[in-house]
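Structure record follows, encoded as structure tokens.
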Amino acid sequence: MIDKKKVGGLAGISAGETALCTVGKEGAGLTYRGYDIYDLAENATFEEVAYLLLRGKLPNKIELDNYISRLKNMRDLPDQLKTVLEMTPKESHPMDVLRTGVSFLGNIEPESKEFSNQATIADRLLASLPSMLLYWHRFHQDGKKINVATDDDSVSGHFLHMLHDAPPSELHRKTLDTTLILYAEHEFNASTFTGRVITATLSDMYSAVTGAIGALRGALHGGANEAAMELIEQYDTADQASKGVFSLLEKKQKIMGFGHRVYTTSDPRNSINKGMSKILSAETGDKKLYAISEAIETVMWNEKKLFANADFFAASVYHFMGIPTYLFTPIFVCSRITGWAAHIMEQRANNKLIRPAAEYIGPNLQAWLPIDRRS
Ligand code: COA
């Protein structure tokens, strides 16, 4: 017997198997290929996590060094793609820019019909998504055609170097790196599931990733980090924020960055992001944003028993590092490409078309009505 309440949005429905990730599993929590997220956030680099997701094991020293060089060599963009990015309007949302960038790259570096180059495409996208994003951003904001093939060893260093025209401090690089680890994978979330549905039709990897970017863009999914920042910035003091959010709740408004489809009492990624936000607020001397964020968190818990998810404190973390708000969700893309690509490859390894059934709630069979008898 199907629980109709749960079928709404497929909540609680198992839609397939994965060996990549557990989310809120009893006794395990959030794990990537069996490794606890707290261990990964504390000890791993994002490149190690990417390798783990895409290659199925943690790399040894030689494998990691080779993988870092491989990604560095894949950063540069073809001239045709640079032209497309220059032609994409300044006013575009950068999520749309990435969607277009991935789709265009699929035309000039297409996937083979046998998918034999799928691992290369995954690495290529991982290495070049930050290049696409920052090339477009710097071209339209500063009128500069930046060199995207920087010599930084990490994706996080590459990203911040292109954004600020200088290599980042180790604190900022490590902080961004940790958020990339936290965002890398999350089982059958909406964008990953979108990617798997597209993949299951035997479509190509670029199409699956383009669709996944579209799904991630919305405020109920990845777009929540930008929406959270916009909310936090509306207030000048913690007290004002408490009152403001209380009144939004009274008006039955959703507060972005809170709640989760799977977690019920907390999001394990939040404590890590919150800790980093506190450190950066001390570093920048800006205690306002952190205090406001904490005040909102308290009201949400006291009034609704809703907890901050990964997106809420990620917002102030990124802000403290001088990252413009409209680049927050694209950073999620630069990380989640690892999870998406791993799921695409997992789906292909044991493929079956994903095509659920629907419960029909429309009219009963009706007699055909000629046009002159219609109201
Ligand atoms: N702010 C205020 N109320 C919220 C809320 C939020 N962030 N999240 C859930 N609720 C409330 C709903 O209004 C609803 O109340 P009701 O039963 O009185 O109508 C109830 O909690 C259940 O919410 P619902 O949206 O149906 O649950 P869901 O499982 O479909 O939602 C989310 C999961 C993530 C979509 C939801 O919590 C949300 O919209 N959060 C904000 C967006 C966000 O941060 N997304 C990123 C997720 S990582």
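The values are calculated or read from the model by the stated rules, or taken from the named source; none is laboratory data. Because the structure is a prediction, the values reported are computed rather than measured. Please note: Cβ atoms are built from the backbone with ideal geometry, for glycine as well, and neighbour counts cover all protein chains shown. For the accessible areas, the whole protein counts, side chains as well, though only heavy atoms, and no ligand, DNA or RNA atoms are used. Shrake-Rupley method; radii C 1.70, N 1.55, O 1.52, S 1.80 Å.
Below are the figures for this structure:
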read-out	value
The chain - mean residue ellipticity at 222 nm from DSSP helices (-39,500 (n - 2.57) per run, n ≥ 4, rounded to 500)	-18500 deg cm²/dmol
Heavy-atom surface of the chain, accessible at 1.4 Å and reported per residue (Å²)	48
Highest-first arrangement of 355-366, 154-165, where packing means the average Cβ count within 10 Å	154-165, 355-366
Modelled FRET efficiency - R0 22 Å, Gln141 with Thr120, Cβ distances, 0.05 increments	0.10
Shape category assigned to the chain from the gyration tensor of Cα positions, a/c cut at 1.5	rounded
Residue-span extension gain [Lys61 to Asp79] - 0.36 nm each, minus C-alpha spacing	3.1 nm
Candidates per GluC sites (Glu not before Pro) in region 1-72, loop by DSSP, up to 10 other Cβ within 10 Å	Glu17, Glu26
5 angstrom amide H check on Leu30, placed H, neighbours 5+ away	Gly24, Ile37
Rounded percent of accessible protein surface that carbon and sulfur make up, the chain, 1.4 Å probe	53
Rounded accessible area of Lys61 (nearest 10 Å², 1.4 Å probe)	140
Proximal charge balance of Phe159 [Cβ under 11 Å; K/R count +1, D/E count -1]	0
Summed residue charge, Cβ within 11 Å of Gly214's Cβ, Lys/Arg positive, Asp/Glu negative	+1
Gain upon complete extension [Lys287, Val262; 0.36 nm per residue less C-alpha separation]	5.8 nm
Listed pairs Lys90/Lys288; Lys82/Lys274; Lys243/Lys287; Lys25/Lys274; Lys144/Lys254; Lys305/Lys352 exceeding 28 Å between Cα atoms	Lys90/Lys288; Lys82/Lys274; Lys144/Lys254; Lys305/Lys352
